[in-house]
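One structure is given below, encoded as structure tokens.
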């Protein structure tokens, strides 16, 4: 994010259930940068009010997949171009991570590239098996002991 700000991208768009968003709004205010936070509808109203009070534009989505999709929509409408979209499913355990990854893949346009980030080996194996049945060969990178990134192009 800091590298993007140095390039002159002067808007922060982030997903948050509230706490990270609150911190980002404070930093952005200090730097004079507008902030847009995509939040799940389930978070307490107090967090939404505080985000708005601090100057963030708040967008709500009712579940994790729509939350990630909403983030994609924000990026598309604000910047006009997306290099690679990321869907962080580290918070989901298998088999839920497989279900969410399948939803993301089903909504993938032909020629589009995405990254799916998983947080455990069971989820990685499950999602990889699903990709194999679809004839998709993802790129793979292990960024940490519990962070696996699959890069998928349809």
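What follows is calculated from the coordinates using simple rules that are stated; it is not laboratory data. These numbers come from a predicted model, not from an experiment.
The table that follows gives values for the structure above.
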read-out: Stretch gain in nm, segment residue 125-residue 53, where the contour uses 0.36 nm per residue and the Cα spacing is subtracted; value: 21.6 nm
read-out: Dmax and Rg, reported as Rg then Dmax, of region 106-148 (C-alpha, Å); value: 11.0, 32
read-out: Binned Cα-Cα distance frequencies in region 83-154 - 5 Å width, integer %; value: 4, 19, 33, 28, 13, 3, 0
